[in-house]
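The values are calculated or read from the model by the stated rules, or taken from the named source; none is laboratory data. Because the structure is a prediction, the values reported are computed rather than measured. Cβ atoms come from the backbone with ideal geometry, glycine included; neighbour counts cover every protein chain shown.
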Amino acid sequence: MSIADPAAARKAGVTATAFARGVWGTTLPFPSPLAYSFGYLVAVDRGVIAVDLGWNSDESWEAFQLGLERAGAGLDSLLGVLVTHVHPDHYGLADRVQKHTDAWIAMHPGELPHVVRDEATIRARVEDMTVWLTRCGVPVHVLDEIHSEEAELTSGFASVSPDILLGDGDKVPGTGGTLVALHTPGHTPGHLCFHDTERNLVFTGDHVLPRVTPNVSRRPGYGDDPLSDYSRSLERLRVASDALVLPGHEWAFDALEPRLQFLQEHQDERAREVEAVVVSGATTVWEVTQALKWARPFEQLASRGRRQAIGETHAHLYRLRNERRLAVDGEICERWSRAADGLSRRETA
Ligand SMILES: [Zn+2]
């Protein structure tokens, strides 16, 4: 077992904060502009339950153990781990936890196809990605770049089998029924938030963050219309609208209602931009993506950022298609245009 070195973790700027009685959050470092994800610890009758585990690195593992120490606990008191979603900055330490503790791991069944298990799964995923990017009209040289990074990133994923599957409204075992899973698909198909009804807290993973707008992408395995899923999931969170929000990154905040409203308005505004770009003549997903405004000019985005931008654009296009504002055609490569009755429909609405 690797021994935690709290001194090293402190030197690396790790903080462990008490957010409520019996609830701590530790900053687990990971290589991204976001700098860290939160690993939360919730005290229950017979030990502690973690909400999310950070990036798979020694540094992050040490930080997680520092958090346990701060909570007056240790690896032997960890009863279980709740995974909001299986992105590597939220469950990267899962196989270390499985190796070194008896804790159960729980997630939504919608995440199962995205838990990497073997080489064949990784190869199949990269192939699906190629077919998808080709449908989006991405040029071959860009496709190769995105490809190689995806393969590299995927190979670093933890490969774990969950012990418990949780659906919407399920009560987390060992909590006396006070911690409830909320299914909030959009950022990923099986994304979960957790509502602590006793302490009036809600753990939101990447579904709702205080400043960053979560990426909602249409990509292989993410469903037909993830943006409409995301809108419904914003509504789902209203059950906790006066709770303290403990997100997966950035900082805790208590104004959930205006944040939910902002995120929905942001998505609606973005949809109008995408529609206008298609109406002005862009036809492939790739062309539409390049014509939109991004945090940085599109050419300057790293290949992961480009893939996310393409996925986000594609998600908006499908939302607009399902609202009958745009139409799609094309076998190998999708061609987008204004829906024949789109404009008149809205003018008379
Ligand atoms: Zn994240």
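Numbers below:
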quantity: Residue, surrounded by the fewest Cβ atoms within 10 Å (Cβ to Cβ), within the range 150-173, restricted to residues that are in contact with a strand residue (DSSP E or B) (Cβ under 9 Å, 6 or more places away or on another chain) and modelled with pLDDT under 95; calculated: SER161
quantity: Verdict on ASP76 being closer than 21 Å to SER161 by Cα and of a type in the set (Asp, Glu); calculated: yes
quantity: Per-region count, the range 300-337, residues surrounded by fewer than 19 Cβ atoms within 10 Å (Cβ to Cβ), among the acidic types (Asp, Glu) and outside any loop (DSSP other than H, G, I, E, B); calculated: 1
quantity: Of all residues making up the range 46-77, the number that are surrounded by fewer than 20 Cβ atoms within 10 Å (Cβ to Cβ) and out of contact with any strand residue (DSSP E or B) (no Cβ under 9 Å at 6 or more places or on another chain); calculated: 4
quantity: Top-ranked residue in the range 79-100 [being outside any helix (DSSP H, G or I) and within 12 Å of the ligand (Cβ to nearest atom); ranked as surrounded by the most Cβ atoms within 10 Å (Cβ to Cβ)]; calculated: THR84
quantity: First in the range 244-268 and free of Cβ contacts under 8 Å to residues at least 24 places away in the same chain, second anywhere and among the hydrophobic types (A, V, I, L, M, F, W, C), Cβ under 6 Å, 6 or more apart; calculated: ASP254/LEU244
quantity: Condition check for GLY177: in contact with a Lys or Arg (Cβ under 6 Å, 6 or more places away or on another chain) and loosely packed, with under 13 Cβ neighbours inside 10 Å; calculated: yes
quantity: Number of the exception - ARG307 against (1) within 26 Å of HIS207 (Cβ to Cβ); (2) at pLDDT 95 or above; (3) assigned by TED's automatic domain parsing to the domain that holds ARG135; calculated: (2)
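Each row is one residue, and each column tells you yes or no for (1) at pLDDT 95 or above; (2) closer than 20 Å to LEU234 by Cβ.
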position	(1), (2)
ALA271	yes, yes
PRO297	no, no
ARG321	yes, no
VAL328	yes, no
SER344	no, no
ALA349	no, no
